[in-house]
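Heads up, the thing below is written out as structure tokens.
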Amino acid sequence: MAVIPAASAADLAPRYTKAPPVMVEVWNWTGFYIGGNAGYSWGRSNSDVSYFNTATGLPIVPPAGSITSAAFDMDGGIAGGQAGYNWQTGSWVWGVEADIQWSGEKGRANYLCSAAVGGPCTPGLTAPPLSVVGTSLALDQSLEWFGTARLRGGFLVSPRVLLYATGGLAYGSLKTSGTLSGVTANLTPVSVFGSSSETRLGWTVGAGVEGKITQNWSAKLEYLYMDLGRYDSLTLSLAPVVPIGARVSSHFTDHILRAGINYQFGGPVIAKY
């Protein structure tokens, strides 16, 4: 009888198991995102005052010693939220973003239509005493809120870090309050208070850096310059007691520095190798 020897382990062909593909996460910037931010703003109001005679409507030429122009700081904290969309093409990222901000920016200035013998700043007083300095205006301004709608474009210095420039429309609500004070012909003090708020449309430009923390979360640091233009901010009058009034014209600009965090919708992109 023939005997067939059993095959030894050494006689068997080796078996190879294919290793699983390596999963690599790709940093993708394309998609919708929302987020929040906080920071500080260094605002500036350049405000001019023109005086007029309420009886005739004619402008008043203030005498020497008057204060008709002032540039004052309007600094304060800011906080708000943003939303946008990015498109990534290679190392370039393009996008649109809109934000809305609460603002604590405010400032103050004082103006004077100086008294003079027979001068126009103290109607009815031909020879004002030394205690009468003229018709004064105490002005307060604040930026109540603002927002922007901007384009963004930038370059990825690494897959996770974006340097970008941005610019577009800006808008905001500026509140102006003032107290106009003077004296009557019999030296009785008189004053009037008034305020107004106006929503202004302007422009903004800036730059920033944003870095991915995870595929969905990122953090950014951003600077913006904002200009809301010149506008007629407030008109006050002591009439009919004293025939004098004041008109205020203001130009507001702002330097904004803020840090923020964004959440990008959509899951991570996985590449197999």
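Each value in this text was obtained by applying a stated rule to the coordinates, not by laboratory testing. Model, not experiment: these values are computed from the prediction. Note that we place each Cβ from the backbone using ideal geometry, even for glycine, and neighbour counts take in every protein chain shown.
Points worth noting:
- Each eigenvalue of the Cα gyration tensor of the range 30-272, multiplied by 5 and square-rooted, gives one semi-axis; in descending order these are 52, 13, 13 Å.
- The mean sequence distance of close C-alpha pairs (under 8 Å, at least 6 residues apart), as a share of the length of the range 30-272, puts its relative contact order at 22 percent.
- Counting lysine pairs in the range 30-272 whose alpha carbons fall under 27 angstrom apart, excluding pairs fewer than 8 residues apart on the same chain, gives 4.
- Proxy reagent accessibility, fewest Cβ within 10 Å first, across Thr54, Thr135, Thr148: Thr54, Thr148, Thr135
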